[in-house]
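This structure is in structure tokens; I'll ask about it shortly.
The values are calculated or read from the model by the stated rules, or taken from the named source; none is laboratory data. Fair warning: this is a prediction, and the values are worked out from it, not measured in the lab. Quick reminder, even Gly has a Cβ in these numbers, built from the backbone with ideal geometry, and neighbours come from all protein chains shown.
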Amino acid sequence: MNTSGRLAARRAVEALRSGVPSRDAVAALGSGQSDIEDRFTTLIDGIGQVRTCPRGLLLGGGFGAGKSHVLEHLTHLSLDRGYAVSRIVVSKETPLHDPAKVLRAAVESAVLPDGSVGAVAEAAAGLDPDGPALAELMRWAGGAGAPVDEWFPLTLTLLPRVQAGEDNFADAIIRFWSGDRLAVAEVRRHAKFAGLSRPALAAVPARELARQRFRFLARLLVAAGCEGWVLLFDEVELIGRYTLQQRGRSYAELAGWLQPDADDPASPLATVLAMTDDFDAAVLTAKNDRQVVPAKLRAKQASEWDEIATRAETAMGLIERDMLLLTAPDTDELNYAYQRLKALHSEAFGWNAPDVTGLERLGTTRMRQYVRAWINEWDLVRLDPSYHPRTEVAPVTFSYAEQPDLDVNEEHTDRWQ
């Protein structure tokens, strides 16, 4: 038994024991969700085409049903097919209702098909100044009716001219694309040196600027050789714990991620969002969000909030109708997983793992529960071969009670002086 094989098996076992969907763990078990995998491949096969159908999928499953495991499987499926991928976990630091913070999380986690991180800088460095890909990106960004502001074609034009400079302005451009501010005076100074006319460079609201950055970066990644950009969101159910106003904003953002971008319908960007399967009953129904959220938002009597209310209603309808539920493992899948894990545990610890009882096979038992039970029982028997373990399951519930501390202060306008 070679050392590398044993280490890979050990990594897989430890990840599965902890409930962490690592590459080794996913490679060992696969996804077990062939219907979702088929829907996903159909989705990304249409990337970059003008969309009239949704550009994203919404997955639903209970705790331990394998949502994160499926997202990890889709990550590697995407990378293998030539897409850049970002994993975004909704949290207090990355609230779904703040697209600027979502953008930063997406940029920081972005991985290129060859496994490289720092995807934006890598993509920018790989642009051929005289190549057709950059020319097409410039045509898209600077053409009539472009879905991005003047900042993007201008900085794209300046990048190859300043890359050899000593003032780090090229890095500043890449950081701007990634979410940082960029001083108007510096941009105008470099534009003047390049012989360009004085740009207007109006301030752009932070939310709108983040959306434009997503559009631009998806196209930049394609220009650098990727098939497109896939965003995978986990723990989206956290929006049920926001206060009402931020739930409304979050629903509106969710609708934007699932539906085609009206300003860029051929965007080479696709999304998958995963949330708990009881969200409809526990939040939309129990909290009466269907009626209360839109009514409260429209009560502000402002066109911005009317639009958010309409998009929130759209998102709630999508949650009700279009959620793809993870299927419970059937007998064949459980038998396969058991035999695969038995072989992995044997290889990882250098022994012949015996058969163990595990959990009673019920329709309500989650795959993670089966896996943890098998691994724990093998651990115990390995330490004491005479021991006969028996595993019991205690239910874990998720609270959707509002947590005001999840709300964060947000900037509504980025300005460069």
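Given the structure, is H97 over 23 Å from A373 (Cβ atoms) and in a loop (DSSP other than H, G, I, E, B)?
Here the answer is yes, as H97 does meet what is asked.
Sticking with this one: So, in region 112-121, exactly how many residues are surrounded by fewer than 19 Cβ atoms within 10 Å (Cβ to Cβ) and either in contact with a helix residue (DSSP H, G or I) (Cβ under 8 Å, 6 or more places away or on another chain) or under 18 Å from A172 (Cα atoms) (or both)?
Here the count works out to 5.
In region 261-302, which residues are part of a loop (DSSP other than H, G, I, E, B) and within 20 Å of the chain's Cα centre (by Cα)?
Passing the criteria: D261, D264, P265, A266, S267, P268, T276, D277.
Oh, and also: Can you tell me which residue among L79, L57, L43 is within 18 Å of the chain's Cα centre (by Cα), under 16 Å from L258 (Cβ atoms) and part of a helix (DSSP H, G or I)? It would help to see each step written out before you state the result.
Numbers: L79 fails: under 16 Å from L258 (Cβ atoms); L57 fails: part of a helix (DSSP H, G or I).
None of the other options fit; the residue is L43.
Follow-up question, since we're still on this one. Filter region 17-58 for residues that are at pLDDT below 85 and of a type in the set (A, V, I, L, M, F, W, C); which is farthest from D332 (Cα to Cα)?
Ranking the qualifying residues of region 17-58, first place goes to V50.
Further, regarding this structure: Only one of (1) touching a strand residue (DSSP E or B) at 6+ places or on another chain (Cβ under 7 Å); (2) in the same structural domain as P260 (by TED's automatic domain parsing); (3) surrounded by fewer than 18 Cβ atoms within 10 Å (Cβ to Cβ) is not met by R81, so which one is it?
With respect to (1) touching a strand residue (DSSP E or B) at 6+ places or on another chain (Cβ under 7 Å); (2) in the same structural domain as P260 (by TED's automatic domain parsing); (3) surrounded by fewer than 18 Cβ atoms within 10 Å (Cβ to Cβ), R81 is out only on (1).
Looking at A8, A12, A28, A100, which is the one that is without any contact (Cβ under 8 Å) to a residue 24 or more places away in the chain and farther than 19 Å from L325 by Cα?
Step by step, each of A8, A12, A28, A100 is checked, and only A8 is without any contact (Cβ under 8 Å) to a residue 24 or more places away in the chain and farther than 19 Å from L325 by Cα.
Does region 358-387 hold any residues that are surrounded by 15 or more Cβ atoms within 10 Å (Cβ to Cβ) and outside any helix (DSSP H, G or I), and which are they?
The answer is G358, L359, T365, R366.
Now for a separate question. For region 78-94, check the following and say yes or no: at least one residue is closer than 30 Å to P329 by Cα and of a type in the set (K, R).
yes
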